[in-house]
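J.: Sharing a structure here in structure tokens format.
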Amino acid sequence: RPSFTPPALQAVTRDFAFLVPADLAAEDLLKAVRGSDKTNITGARVFDVFTGEGVPEGKKSIAIEVTLQPQEKSFRNEFFQSLTNSVSENSRKVGAVMRHELKTESLTLQTEVGTAALTVGKKDKGGK
């Protein structure tokens, strides 16, 4: 058997978090992510599944670590942006949305409530 020759460039990992339908199998999401770049993605694994507070009814959060192996040159920022766009597009095909893409009213409301509470605290401490 031929001797092992390690890659010239070191593999890198990136984490992606998704909000998915509660009945979606993690393997379906993994397949979609792997299909985003069959040349450079050499591995993908689920490292967290969460349901509960902060996750809407009927949904779950799945976090995936993706391993990427550069072939001839190191990856640049443009590559990672393109990869993220491709992962987002492919994951939507199975009903997943990347967590950082979510803009919900509940998050806005939490921010407004937090700001209001901070403002009230300043008035109480300042005596005005």
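Every number here is computed from the coordinates shown, using simple stated rules; none is lab data. Source: prediction; values computed, not measured. Ideal geometry is used to build each Cβ from the backbone, glycine not excepted, and the neighbour counts take in all protein chains shown.
J.: Could you order peptides 93-102, 11-20 by the average number of other Cβ atoms within 10 Å of their residues, highest first?
T.: Going from most to least packed, we get 11-20, 93-102.
J.: Still on this structure: Give, in nm to one decimal, the length gained when the segment between Gln69 and Arg99 is fully stretched (0.36 nm per residue of separation minus the Cα-Cα distance).
T.: Once the chain is fully extended between Gln69 and Arg99, it gains 8.4 nm.
J.: Here is a further query. What net charge do the residues around Val94 carry, taking every other residue with its C-beta under 9 Å from that of Val94, with Lys and Arg at +1 and Asp and Glu at -1?
T.: +2
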